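Since the structure comes first, as structure tokens, the remarks are kept for the end.
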Amino acid sequence: MVAYQAPQQQIRLLSPRELKNTVFDLTQVELSAELNFGDYSTGYDTGSGVKLGEDILVTLMGAMESVASNYVSLRLNQAFPCFSENPVTDQCVQSWIREFSLQAYRGYSDAELQEELFSHFQRLSRDTDLRSAVSLLTLRILLSPRFLYRTEMGEQQEDGRIWLNDLERASLVSYALTGSMPDQALLQDALENQLDEATLRSHVRRLLQTERGRERVSEFFQYWLRLYSLNNLKTDANAAPKFEDSQVAASLLDEFRSFVQSVVIDGDSRLSTLFLSNHTFVNRHTAPLYGLSSSSDQMERVNLRPRERQGILTLASFLSVHASEVEDFRDSPTERGILVKEQLLCETVGLPSGIDVDSATQSILETHPNFRSFTVREQFELMMEQGPSCVACHSQFMPFGYLFGNYNALGQFVTVQNDRPIQASVDNLQAGEGIRSAYGSIVELVPDLVRDPRLSHCFAKNLVRYTLGYSLGEDFESISWLLGTHLQQNNLVISSLFEELYSSPLIFQRRSVTP
Amino acid sequence: MKRRDFVFGSLKAMILLNPVLSLRLASAQSANRIKRAMFWMQCNGYSTASDFFPSQAGTNFTMSPILQPIADLRGDMVIVNGINLPDGGFKPKGNNHVCSPAKLFSGYNGVGDVGNGEDGSHLGPSVDHIIAQRLNMRTIEVSIDPRPPRTLRSRPFARGANQPKVAITEPSQVWSNLFGNATPPGQQNNEALEQRLTFLRAKRSVLDDLTGDLTRFRRELAGDTEKLKLDIHEDAIRRAELSVAEDIRQTEAAVPPPSLCAFPDNPGTLDTLIPTRARAHMDLLFAAYVCDLVQVTGVVWGWSGYRWLYDWVPGTNFTNYHEEVAHGNIRDQWLLGHRWDWSQLGAFARRLKETPDGSSNMLDTSLILGMNHFGRHHRITQIPTVIFGGSAGGLQTGRNIILPSAQLNDRLLTSVANYMGADIRGLGSNPNCGPLPGL
């Protein structure tokens, strides 16, 4: 185990999702602009690596102008009834500034700042009417760095170490669990310096149950399993032409979210259940993918045949994303295999060799004219024969992918492809201790995978990466190891891991970025 | 001294002290110059080179099958045969699909490694940004496909390393950015001008105070890496301030807009049909050029590996443009798609040509660089390249240039920047590459 080294201090721009949530929670106005500046380099949607340049600022200015204007015209009187009085008093404006800035700045609003904001309001009022002045001041607050960035700078304490203060802790926990600013209860405890371990644990439990918490948790799992394109399937009817009925594709995100929430939030929350349970959720569009029928437009829980389906890796939503977007039969053993290797075992697969797949295919077609009538696995096995470098690299992960061979690109269980029987079994898996070399299918492998401590540690590592927003190699190893061990010692209960992580001092310690 | 006064004071002093900049600005004010540019990326390569490139060099050439629909523009274009993209650096997975768009207009040899093997990042600015910065021009980037541009496959433009300029997909958003805050011609009156001035001054006041907020925020930070983020943020605010200051100056001067300028209606929410969206985007860019609301534009026509059905083109019959047509090398179908793409760009050029600009026309005072990020199939050699317009900057049009030996795109882009008046010696991985011989 590596000695613990705290992650670096950082500021991070709110990601587009966080910004939209925060703006809505603050103003009750939707931020409807299209925002495209997320940093996905860690595999998670964060703002850590984003630099706010001119194009982002211009987009934000336009979007926030609209929010500020709608907020003042539609929400202000409701939230602050004193604005309905005539005349509106200075006290009313000051009370709005106090409350609004305190929430917007996640607690970082003192009397001096409020006085400065009021002074700005008075200057604006000289040239415009009161509501325009409030709108412009709202715009300033929504564009200010204190609103747009989360800080994790911390303060040096007597022990010489740097610890996040309570306001930073509240933001970290809240954005990780809800994707938005701290709510009233969490902010109040942070302002009163009450965020001890027990209080944090109770906030974690509470926030996980909120609507935003449920949504955020399933979002984390979506990123972990590289299923971000489920969102596109829901909103873009052309995202995956293989689905003749776009309603099927659009329902898959709901399946995934319902499944994750049913286990992590509403169920026993165990990682093992996530991987071993044979239930899912279907509506009338997706039921046929499982050989079922339904007349419901809503998602309904159903049990599936255990021999065919076991847990999250055999959901149609998972399987259809990790497959061809175009051809409904074509699964992707490469993508599925790499996912197991990289996201479930946290093992590195080398970079692609850059081989020209088209040329390779052309060359195979010359020797095997009936190449396209083979099963996907047979086609890949022939392709792998192109050279020793192909075999050396692909043998690391392809066997994992072949184990998924019985699931086509729609996520249906199939035994025949191109009129040829599918072979899903492998006998050459090289996955280290705890995993055998031979399995009949992914359903056979999953129980061993769940028992493998690498899965717990890899899960914990991803959770830490998601929480901190950057990958720093060894910085994560120790904390991930501790959390992975905690997960194993606590019956693989994920909600317990959330509590442990977001109340652990380790996640709140920082290392100075100055030499 | 107020910080804003300092910014303007500094700018004035810089102009006085920097003869090159003074010359550049003087040149920019001259009538005989290229006033605007468009960078247009088409996708997915071609079946065979003869489909795109005419076989005869010089001025007497027969149009290729793909360019045939725009044969009437022969005298207004330069076709360049022999441009390659640099083949090096980190390669994300997906053959050249991910990295070639990022190289296309930047001239960098490779892309940055973001650590997941799948995506990449720009290594530096693209030529559109360099031109806009040097000539103080306004820019906008649009994407015809409704799918949000999330990776380099649809992000050919960049402000700098790891700073993509993400193209806007929704025409209504393009309209808002270009026309939303501008005053339509013929609607000005003193009261409206006064209101606008009040709004702009208030906006400038907000930006001024944001700079103060940033300064306070900066004091709490440690470490250069994080301060760099705020430097970029502050620079963005300064640019926004300059832009607002320019708006104020123009409003104060109440300069009447050009007589041909007509503000289009907001296209609103459109369906996902490509021809509808393409037409809406190109109409908006045309109107913005005529009203001089933008000078440098980037158009992402599809995305690397895109799958449009082209079912609006008579004769097409396929379900997937990328896998079925391009990978399957169904030449006649491929041609149909490409002919439509280039005919749309040609139609835009034609509109410019039909629009007077002083004693000339808007095509002569514009430069459109249309390129595909691939050559044949997934190769990054013999890249389709056509320049439309540009004669006001001295570009000799009506030529098909067949380069005696292949040249990298950095030299082409350098030439384009120089025709625009940006005066650069090179860009991308080779800042001294020089211009393209013979162009």
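The values are calculated or read from the model by the stated rules, or taken from the named source; none is laboratory data. Everything numeric in this text was worked out from a predicted model, so none of it was measured. For neighbour counting, all protein chains shown are included, and Cβ atoms are generated from backbone atoms with ideal geometry for every residue, glycine included.
Matching residues to (1) outside the structural domain of B:Ser126 (by TED's automatic domain parsing); (2) modelled with pLDDT of 95 or more; (3) under 19 Å from B:Met77 (Cα atoms):
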| site | (1), (2), (3) |
| --- | --- |
| B:Lys353 | no, yes, yes |
| B:Pro384 | no, yes, yes |
| B:Arg399 | no, yes, yes |
| B:Asn409 | no, yes, yes |
| B:Asn432 | yes, no, no |
| B:Gly438 | yes, no, yes |
Enumeration of residues in the range A:209-236 that are of a type in the set (D, E, K, R) and outside any helix (DSSP H, G or I): A:Arg226, A:Asp236
Could you check A:Gly154 against (1) at the interface with another protein chain (Cβ under 10 Å from one of its Cβ atoms); (2) farther than 23 Å from B:Asp209 by Cβ; (3) surrounded by fewer than 18 Cβ atoms within 10 Å (Cβ to Cβ) and say which number it fails? (3)
For the range B:365-432, which strands (runs of 3 or more DSSP E) that fit wholly inside it have 2 or more residues that are basic (Lys, Arg)? none
Can you tell me which residue among B:Gly438, B:Gly398, B:Gly426 is within 21 Å of B:Asp87 (Cβ to Cβ) and either of a type in the set (Gly, Ala, Ser) or within 19 Å of the chain's Cα centre (by Cα) (or both)? B:Gly426
Tell me which of these B:Pro185 doesn't satisfy, since it passes every other one: (1) more than 7 Å from every other protein chain (Cβ to nearest Cβ); (2) at pLDDT below 90; (3) surrounded by 17 or more Cβ atoms within 10 Å (Cβ to Cβ). (3)
List the number of the failed condition for B:Asp271; all other conditions in (1) in a helix (DSSP H, G or I); (2) within 13 Å of another protein chain (Cβ to nearest Cβ); (3) at pLDDT 85 or above hold. (1)
Checked B:Arg376, B:Arg425 against criteria (outside the structural domain of B:Tyr306 (by TED's automatic domain parsing), touching a Ser or Thr at 6+ places or on another chain (Cβ under 9 Å) and closer than 29 Å to B:Val111 by Cβ); the one match is B:Arg425
Report yes if some residue within the range A:117-132 is more than 14 Å from every other protein chain (Cβ to nearest Cβ) and not β-branched (Val, Ile, Thr); otherwise report no. no
For the range A:253-270, give me each residue that is crowded, with 23+ Cβ neighbours inside 10 Å and in contact with a His (Cβ under 8 Å, 6 or more places away or on another chain). A:Phe259
Tally up the residues in the range A:125-165 that are assigned to a helix (DSSP H, G or I) and modelled with pLDDT of 90 or more, please. 19
Picking from A:Glu477, A:Glu500, the residue that is charged (D, E, K, R), within 24 Å of the chain's Cα centre (by Cα), away from chain B (no Cβ under 14 Å) and more than 24 Å from A:Val264 (Cα to Cα) would be A:Glu477
Among the residues of the range A:97-116, write down those that are in a helix (DSSP H, G or I) and in contact (Cβ under 8 Å) with a residue 24 or more places away in the chain. A:Ile97, A:Phe100, A:Ser101, A:Leu102, A:Gln103, A:Ala104
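Conditions tested, residue by residue: (1) out of contact with any strand residue (DSSP E or B) (no Cβ under 6 Å at 6 or more places or on another chain); (2) under 27 Å from A:Thr375 (Cα atoms); (3) buried (at least 19 other Cβ atoms within 10 Å of the Cβ).
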| site | (1), (2), (3) |
| --- | --- |
| A:Tyr402 | no, yes, yes |
| A:Pro421 | yes, yes, no |
| A:Glu444 | yes, yes, no |
| A:Gln489 | yes, no, no |
Could you tell me whether any residue of the range A:88-96 is at the interface with chain B (Cβ under 10 Å from one of its Cβ atoms), at negative phi and either not aromatic (Phe, Trp, Tyr) or not in a helix (DSSP H, G or I) (or both)? no
Note on the range B:115-161: residues assigned to a helix (DSSP H, G or I) and either under 11 Å from the mean Cα position of the chain (by Cα) or among the charged types (D, E, K, R) (or both) are B:Val127, B:Asp128, B:His129, B:Ile130, B:Ile131, B:Ala132, B:Arg134, B:Arg153
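For (1) in the same structural domain as B:Asp87 (by TED's automatic domain parsing); (2) closer than 26 Å to B:Pro384 by Cβ; (3) crowded, with 21+ Cβ neighbours inside 10 Å, each residue gets a yes or a no:
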| residue | (1), (2), (3) |
| --- | --- |
| B:Cys99 | yes, yes, yes |
| B:Thr139 | yes, yes, yes |
| B:Pro146 | yes, yes, no |
| B:Ser154 | yes, yes, yes |
| B:Arg196 | no, no, no |
Members of the range A:49-69 found to be surrounded by 19 or more Cβ atoms within 10 Å (Cβ to Cβ) and more than 9 Å from chain B (Cβ to nearest Cβ), listed by number: A:Leu60, A:Ala63, A:Met64, A:Val67, A:Ala68
When the range A:237-252 is checked residue by residue, the ones that are of a type in the set (D, E, K, R) and either surrounded by fewer than 17 Cβ atoms within 10 Å (Cβ to Cβ) or not in a loop (DSSP other than H, G, I, E, B) (or both) are A:Glu244, A:Asp245
Give me the pairs: first residue in the range B:261-281 and farther than 15 Å from B:Cys291 by Cα and in the same structural domain as B:Gln173 (by TED's automatic domain parsing), second residue in a helix (DSSP H, G or I) and basic (Lys, Arg), beta-carbon distance under 7 Å, and six or more apart or on different chains, which are they? B:Leu270/B:Arg277
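Hey, which of the helices (runs of 4 or more DSSP H) in the range A:283-370, taking only ones fully inside, have at least 1 residues that are over 26 Å from the mean Cα position of the chain (by Cα)? Talk me through it step by step, then tell me what you get.
Numbers: elements: A:316-321, A:333-339, A:357-367.
The qualifying helices (runs of 4 or more DSSP H) are A:357-367.
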Under the condition of being in contact with a Ser or Thr (Cβ under 7 Å, 6 or more places away or on another chain) and in a loop (DSSP other than H, G, I, E, B), which residue from the range B:162-172 is surrounded by the most Cβ atoms within 10 Å (Cβ to Cβ)? B:Ala167
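Any residue in the range A:23-36 that is within 14 Å of another protein chain (Cβ to nearest Cβ), within 14 Å of the chain's Cα centre (by Cα) and surrounded by fewer than 21 Cβ atoms within 10 Å (Cβ to Cβ)?
no
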Scan of the range B:382-423 for residues that are surrounded by 23 or more Cβ atoms within 10 Å (Cβ to Cβ) and at positive phi, ordered by number: B:Gly389, B:Gly390
Scan the range B:306-323 and tell me whether some residue there is closer than 28 Å to B:Ile130 by Cβ, surrounded by 17 or more Cβ atoms within 10 Å (Cβ to Cβ) and either assigned by TED's automatic domain parsing to the domain that holds B:Met63 or of a type outside the set (Lys, Arg) (or both). yes
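Looking at B:Asn329, B:Asn361 in this structure, which one is over 23 Å from B:Ser154 (Cβ atoms), free of Cβ contacts under 8 Å to residues at least 40 places away in the same chain and either within 14 Å of another protein chain (Cβ to nearest Cβ) or crowded, with 17+ Cβ neighbours inside 10 Å (or both)? Write out each step before concluding.
Values: B:Asn329 fails: free of Cβ contacts under 8 Å to residues at least 40 places away in the same chain.
On inspection, the qualifying residue turns out to be B:Asn361.
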